[in-house]
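Visitor: The structure follows.
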Amino acid sequence: MSSLNADVAGSASNPMELSRGALLVCDAGGVYRPATADEVLRHARLVLAKRVRRGVTFDSPALVKDYLRVHLSPLEHEVFAVIFLDAQHRLIACEQMFRGTLAQTSVYPREVVKRALVHNCAAVVLAHNHPSGSTEPSRADEYLTQTLKTSLAIIDVRVLDHIIVGGDATTSFAERGLL
């Protein structure tokens, strides 16, 4: 298993020959080589997972977007995820609830409500990815968000946002005034 080392720059034979700032991995034999994009992303997910654990407060939209971007953007199929939060917006759980195809996912509001009750949450952030890279919300996305907002309000759970992830970009329904 290789480990990522962002502090060392150089070639496999002489680590000081590459330009400063190159991300390298060290294999089991102690040889450094440039990290692949997949290795960098895998390590980023591990770092983010350590930072964002149960009980961590999602106190900024940027933190939520970064968390979702790392987890959803690499996927080649659509998924619908829900971040369950307590009354102080601390993380209870994040679940990929529904998996779809390249262009769509079926989402069942009843199942989202059931999971919200299981987690005894006070608020949620809805999220899904667009493997195409576009983060423009469709009419179906807007309708689903309103349906979930109404369904969850019955059990006193607030929908704080619905974020669409497409590659490195995100779109927030709350920032667009769509909630």
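Visitor: Which residues, counting only those in region 155-179, are free of Cβ contacts under 8 Å to residues at least 60 places away in the same chain and outside any loop (DSSP other than H, G, I, E, B)?
Guide: ARG158, VAL159, HIS162, ILE164, ALA169, THR171, PHE173, ARG176
Visitor: Say whether the condition of being within 20 Å of ALA174 (Cα to Cα), part of a loop (DSSP other than H, G, I, E, B) and small (Gly, Ala, Ser) is met by at least one residue in region 82-91.
Guide: Scanning region 82-91 turns up at least one residue that is within 20 Å of ALA174 (Cα to Cα), part of a loop (DSSP other than H, G, I, E, B) and small (Gly, Ala, Ser).
Visitor: Okay, moving on. Can you go through LEU75, LEU63 and tell me which one is outside any helix (DSSP H, G or I), under 30 Å from HIS119 (Cβ atoms) and either at pLDDT 75 or above or acidic (Asp, Glu) (or both)?
Guide: Details: LEU63 fails: outside any helix (DSSP H, G or I).
One residue alone meets the criteria, LEU75.
Visitor: Specify which of the listed residues (THR145, THR171) is within 17 Å of ASP66 (Cβ to Cβ) and among the polar types (S, T, N, Q).
Guide: From the options THR145, THR171, the qualifying one is THR171.
Visitor: Which of the residues belonging to region 127-154 are in contact with a helix residue (DSSP H, G or I) (Cβ under 6 Å, 6 or more places away or on another chain) and either of a type in the set (Asp, Glu) or not in a helix (DSSP H, G or I) (or both)?
Guide: ALA127, ASN129, listed by residue number.
Visitor: Would you confirm whether or not region 148-160 contains a residue that is modelled with pLDDT under 95, within 20 Å of the chain's Cα centre (by Cα), assigned by TED's automatic domain parsing to the domain that holds HIS71 and surrounded by fewer than 19 Cβ atoms within 10 Å (Cβ to Cβ)?
Guide: No, region 148-160 contains no residue that is modelled with pLDDT under 95, within 20 Å of the chain's Cα centre (by Cα), assigned by TED's automatic domain parsing to the domain that holds HIS71 and surrounded by fewer than 19 Cβ atoms within 10 Å (Cβ to Cβ).
Visitor: In region 78-101, what count of residues is obtained for those that are at pLDDT below 90 and buried (at least 18 other Cβ atoms within 10 Å of the Cβ)?
Guide: Adding up the residues that qualify gives 0.
So that you can scan it fast, the table gives a plain yes or no per residue for (1) under 15 Å from PRO61 (Cα atoms); (2) in contact with a helix residue (DSSP H, G or I) (Cβ under 8 Å, 6 or more places away or on another chain); (3) outside any loop (DSSP other than H, G, I, E, B):
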{"site": "ALA93", "(1), (2), (3)": "no, yes, yes"}
{"site": "MET97", "(1), (2), (3)": "no, yes, yes"}
{"site": "ALA103", "(1), (2), (3)": "no, no, no"}
{"site": "VAL118", "(1), (2), (3)": "no, no, yes"}
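Visitor: Does any residue of region 84-91 turn out to be small (Gly, Ala, Ser) and farther than 20 Å from ASP141 by Cα?
Guide: Checking region 84-91: at least one residue is small (Gly, Ala, Ser) and farther than 20 Å from ASP141 by Cα.
Visitor: Name the single residue that is modelled with the lowest pLDDT among those in region 102-137 being closer than 18 Å to ARG176 by Cα and of a type in the set (Ser, Thr, Tyr).
Guide: At the first step, the residues of region 102-137 found to be closer than 18 Å to ARG176 by Cα are 124-130, 134-137.
Narrowing the set further to residues that are of a type in the set (Ser, Thr, Tyr) leaves 134-135.
On the way: SER134: 91, THR135: 94.
Going through the qualifying residues, I end up with SER134.
The values are calculated or read from the model by the stated rules, or taken from the named source; none is laboratory data. This structure is a prediction, so every number in the text was calculated from the model and none was measured. Here Cβ is always computed from backbone atoms with ideal geometry, including for glycine, and neighbour counts include all displayed protein chains.
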